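**Student:** Can you read through this structure? Questions will come right after.
Just so it is clear, none of the values below were taken in a lab; they were calculated from the coordinates. Just so it is clear, the model here is predicted, and its values are computed rather than measured. Don't worry about glycine lacking a Cβ; one is built from the backbone with ideal geometry, like all the others, and counts go over all protein chains shown.
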Amino acid sequence: MAAGLFVDEDPERAYKHAAYARRKASRLATVREASGIAAYTVGKWQEALSDLRAARRMSGRDTFLAVMADCERGLGRPERALEITNDPAGKDLDTADRIELRIVAAGARRDMGDVKAALAELQVPELKERRARPYVARLFYAYADVLEELGRTDDAREYFARASSVDREGMTDADERLAALEGVELVDHDVEDGVVWTDVEEDADQAAEAEERRGRD
């Protein structure tokens, strides 16, 4: 389906293709699924939710529970989002999809102002994972983000570092978040040398000295 080809690089184009396909074949689960995901990527929460619910009824698949829950968050309904994340069917999903459910659940808790409950949502066995998998990077990042909001800076630094170390696909900005906590600036990423940092305060001092020299001249 053409929508799938464009969903990452051109979401609006993907949405237009999916909307066309939906008009032509709305009774196909695969079409409603693709249409729902395309609508989700462009922030059309209600439309995405409707299509994904239909796709779930037609196919019996529960793969997109996390996306459906996130749509409820987008609509300003975190309580409904939590209902979806706690759907019994979620227990039978594969690890990546289960982790996504917990990340969305944590987001819903934060929407409701309960940051400690958000942290609890993310305290799953996979926090001990060390393999470089996308869902692991996202879990570590989400956990670090909540820790930072709770003022647990040292723990946040640890989990941003863990996220950075396993994020081979660049799914998060863990490097930048870690740099901010360390008081350094991310300058570049070299294949051989890895991440290159510079000290923010040192740069500021150098800039001030240069400005002072220009004033004297």
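**Student:** Can you give the relative contact order of the stretch 124-182 as a percent, counting alpha carbon pairs under 8 Å and 6+ residues apart? Don't jump to the answer; show the numbers that get you there.
**Tutor:** Working: 73 pairs, mean separation 21.1, N = 59.
Value for the stretch 124-182: 36 percent.
**Student:** Something else about it: Using modelled backbone amide H atoms (1.01 Å from N, in-plane), which distant-in-sequence or interchain residues come within less than 5 Å of VAL184's amide H?
**Tutor:** Correct list: VAL200.
**Student:** Give the order of LYS44, LYS128 when sorted by the count of other beta carbons within 10 angstrom, beginning with the fewest. Show your work: numbers first, answer last.
**Tutor:** Values: LYS44 19, LYS128 7.
So the residues, fewest neighbours to most, are LYS128, LYS44.
**Student:** Could you go through the stretch 114-124 in sequence order and give the Karplus-derived ³J(HN,Hα) for each residue, using 6.51 cos²θ - 1.76 cosθ + 1.60 with θ = phi - 60°, rounded to whole Hz, and x for Gly and Pro?
**Tutor:** Couplings: 10, 5, 5, 5, 4, 5, 4, 4, 9, 7, 10 Hz.
**Student:** Kirkwood hydrodynamic radius, the stretch 124-182, all distinct C-alpha pairs: what's the number in Å? Write out the running numbers ahead of the final one.
**Tutor:** Numbers: mean 1/r = 0.0915 Å⁻¹.
Taking every pair of different Cα atoms in the stretch 124-182, averaging 1/r and inverting gives 10.9 Å.
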